Amino acid sequence: MSAFPARSCTAFAGTRLFRHGPLAEVVLAVKAAIEAGENVLVFDDASGRLIDLDLRGGDAEILARLDIPSSPATPVPNAPAKGRGRPKLGVVAREVTLLPRHWDWLAAQPSGASATLRRLVDEARRRDAPQQQRRAAQTAAYHFMQALAGDLPDYEEATRALFADDRAGLEQMTAGWPPDVRTHTLRLAFGAGDGLES
């Protein structure tokens with residue numbers, strides 16, 4: 001199973017945490033549970049969304065069908081031949097549309113347009129990373145809550161607290177929820193409860 005990337009996911013049997021860990025490991029446990037009559041849902045920890053699994057066939061067939069996106073560095077079969085650029089550095093040529101004043105400014109930069117654009121993008125990524133990570137965590141928690149906690153008490157108030165970045169409010173609104181649902185919601189939203197059992 002080490003050939004599969006460690007895409008982290010969490011499986012729930014009803015409101016009980018069933019399994020947590022890499023997708024390739026969880027999917028086989030889920031298959032056995034479903035064959036034993038349990039109803040199990042699997043959530044992607046990065047997005048909080050449900051993962052649709054095709055559990056037909058043997059273990060090897062199931063693992064071969066896993067929809068695990070390849071990394072950007074993985075070559076794509078039948079990809080067109082590489083053209084100009086610096087492929088060893090991972091440079092990818094794409095079209096950028098700018099206004100004339102932007103092109104004029106880029107042309108005046110000593111390092112050239114491409115290097116300047118790369119530097120500006122890197123600066124923006126560093127500057128905006130905490131806000132983007134915060135939004136991604138809120139969105140993942142929201143997707144999970146929507147799927148598993150939508151009918152639970154104080155759901156709307158919990159959602160408002162989540163997007164207000166109010167941890168105390170979210171903890172208060174989820175206090176009456178099943179413990180595993182509450183713990184996983186807080187884990188996705190704020191990184192709490194990382195010691196989940198698998």
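What follows is calculated from the coordinates using simple rules that are stated; it is not laboratory data. Given the structure is predicted, the values throughout are model-derived calculations rather than measurements. Because the Cβ atoms are built from the backbone with ideal geometry, glycine has one as well, and the counts that use them run over all protein chains shown.
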So for R0 = 22 Å, FRET eff. of Ala168-Ala136 from the Cβ-Cβ r, to 0.05, ends up at 0.55
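Quick one: His143, His102, His20, His184, fewest Cβ neighbours within 10 Å first, how do they rank?
His102, His143, His20, His184
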Once both label points are put 7 Å beyond Cα along the C-beta direction, the Asn39-Val92 separation in nm becomes 4.0 nm
Under the 7 Å Cα-to-Cβ spin-label approximation, Tyr155 and Leu55 lie apart by a distance in nanometres of 2.4 nm
